[in-house]
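Notes to accompany the following structure.
The values are calculated or read from the model by the stated rules, or taken from the named source; none is laboratory data. Source: prediction; values computed, not measured. Because the Cβ atoms are built from the backbone with ideal geometry, glycine has one as well, and the counts that use them run over all protein chains shown. Just the protein is used for accessible areas: all its heavy atoms, side chains included, with ligands, DNA and RNA removed. Shrake-Rupley method; radii C 1.70, N 1.55, O 1.52, S 1.80 Å.
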Amino acid sequence: MEFELLMTNESDTKLLAKKLGEKLQAGDVLLLEGDLGAGKTTFTKGIGEGLLIPQMIKSPTFTIIREYKKGRLPLYHMDVYRLEDASADDLGLEEYFYGSGVSVVEWAQFVKEDLPSEYLEIRLFHMDENTRKMVVKPVGKRYEQLAMEVFEK
């Protein structure tokens with residue numbers, strides 16, 4: 001099961017992500033993949049709005065993990081790109097994935113062996129200057145139901 005959507009502006013992307021964020025539960029894991037500048041951080045900002053996080057969501061590129069603890073649930077925004085040649089063990093990813101918050105992981109292929117067996121994968125692609133294609137692939141019953149509630153038209 002996959003869902004494909006076209007997003008024509010940043011506001012639509014954030015609004016859809018906010019709707020998703022409102023339905024997320026502790027322990028949920030989202031994988032964000034896609035082109036540079038395709039909207040992964042914008043999508044995460046929308047999730048933060050849905051989780052009622054008051055802080056500004058920033059890209060975790062240089063910090064690897066940004067934690068936002070003020071909100072309905074904590075948000076753990078990870079960019080694990082630089083772990084390609086390193087170990088994820090030292091980060092304690094299991095504590096995030098199976099903890100009391102929501103984990104959003106960019107470039108998850110670099111920690112594939114550390115991921116839980118169920119998650120929601122969201123891939124974002126440039127179509128043109130303003131249009132992005134979003135492909136949503138739920139893995140597991142919880143995420144299939146969640147995807148139908150949020151992404152099915």
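Data table
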read-out	value
Of the GluC sites (Glu not before Pro) in the stretch 1-54, those whose Cβ has at most 13 other Cβ within 10 Å and which sit in DSSP loop	E2
Relative contact order of the chain, defined on C-alpha pairs under 8 angstrom at six or more residues apart (%)	32
Residue-by-residue Karplus 3J(HN,Hα) for the stretch 19-28, coefficients 6.51, -1.76, 1.60, Hz, glycine and proline x	4, 5, x, 5, 9, 6, 10, 4, x, 5
Carbon and sulfur %, accessible surface of the stretch 3-151 computed with the full protein complex present, 1.4 Å	48
For G101, distant residues with modelled amide H under 5 Å away	G27
Residue-level accessible surface for D114, protein heavy atoms, 1.4 Å, Å²	40
Fluctuation leader among F110, F97, F43 - the chain, Gaussian network, Cα springs under 10 angstrom	F110
Net length gained if the chain between D128 and E10 were fully extended (0.36 nm per residue, minus Cα distance)	41.1 nm
Kirkwood hydrodynamic radius of the chain, Cα pairs, Å	15.3
Exposure ranking of H77, H126 by accessible area [1.4 Å probe, largest first]	H126, H77
Dipole in debye (nearest 20) - the chain, about Cα centre, beta carbon charges: Lys, Arg +1; Asp, Glu -1	680
Cα-Cα P(r), the stretch 16-81, percent of pairs per 5 Å interval	4, 18, 31, 29, 14, 4
Low-density loop positions, GluC sites (Glu not before Pro), the stretch 101-153 - DSSP coil, at most 15 other Cβ in 10 Å	E118, E129, E152
Antiparallel content of DSSP bridges confined to the stretch 3-151, in %, to 5	55
Too-long pairs where the Cα-Cα distance tops 24 Å, listed order kept, from K18/K58; K14/K112; K14/K137; K18/K133; K70/K137	K14/K112; K70/K137
